[in-house]
1. Pick from segment 119-168 the residues that are over 20 Å from E104 (Cβ atoms) and aliphatic (A, V, I, L, M): which of them is least open to solvent (accessible area, probe 1.4 Å)?
2. From S99, S123, S111, which residue is hydroxyl-bearing (S, T, Y), touching a Lys or Arg at 6+ places or on another chain (Cβ under 9 Å) and closer than 22 Å to P169 by Cβ?
Amino acid sequence: MLTKRTYLIPFLALAVASPAVALAATDEEPRLRMAVSKAKPVSQDARPVGAMPSTWPAASFHREVQAGVREIRAARRARLRRERREREAEFATLPGGVSIETLEAIASCESGGNPTAISSDGSYRGKYQFSYETWAAVGGSGDPAAASESEQDYRAALLYSQSGSSPWPVCG
């Protein structure tokens, strides 16, 4: 999946080459699109000899691009804060009084916290490296690595409340 950051470098390269292409590349960055639409062509006579050919004032365009970058970063930080609050709310109802720190430590050790992790032989899957049998024993169905992160957290808390750290002999 492409992030908004991956649009910036191609966008800047395309902005110099073609205004139409730059407009198409900025569908998800409204401030950048606005910068392109507001930019005024520079007269060929106003350009110093040897200056890079451009149809937009570089300083104004650069300020608008930087404002767009700041807006994208702020939106990402807000989304991460919102996701963290939602995740903490889900952890508040974990079974057996398992702490968030305990589960995070196990997940970090088992899979680096990656909910889609799969062991090299394919027998252990997900954030907590469940086997299919263990996953089914705590009420899961299907592939543990395909389950949502919150479901994996819930099932790991169930398993921890039933068996303690013994299912994770190295990481528990």
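1. Ranking the qualifying residues of segment 119-168, first place goes to A136.
2. On the way: S99 fails: touching a Lys or Arg at 6+ places or on another chain (Cβ under 9 Å); S123 fails: touching a Lys or Arg at 6+ places or on another chain (Cβ under 9 Å).
Among S99, S123, S111, only S111 is hydroxyl-bearing (S, T, Y), touching a Lys or Arg at 6+ places or on another chain (Cβ under 9 Å) and closer than 22 Å to P169 by Cβ.
Per-residue answers, yes or no, for (1) charged (D, E, K, R); (2) assigned to a helix (DSSP H, G or I); (3) free of Cβ contacts under 8 Å to residues at least 24 places away in the same chain:
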| position | (1), (2), (3) |
| --- | --- |
| K127 | yes, no, no |
| T134 | no, yes, no |
| G142 | no, no, yes |
| E151 | yes, yes, yes |
| A156 | no, yes, no |
| L159 | no, yes, no |
| Q162 | no, yes, no |
| S165 | no, no, no |
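The values are calculated or read from the model by the stated rules, or taken from the named source; none is laboratory data. The structure displayed is predicted, hence computed values, not measured ones. With ideal geometry, Cβ positions are generated from the backbone for all residues, glycine too; neighbour counts draw on all protein chains shown. These accessible areas exclude ligands, DNA and RNA; they are computed on the full protein's heavy atoms, side chains included. Shrake-Rupley method; radii C 1.70, N 1.55, O 1.52, S 1.80 Å.
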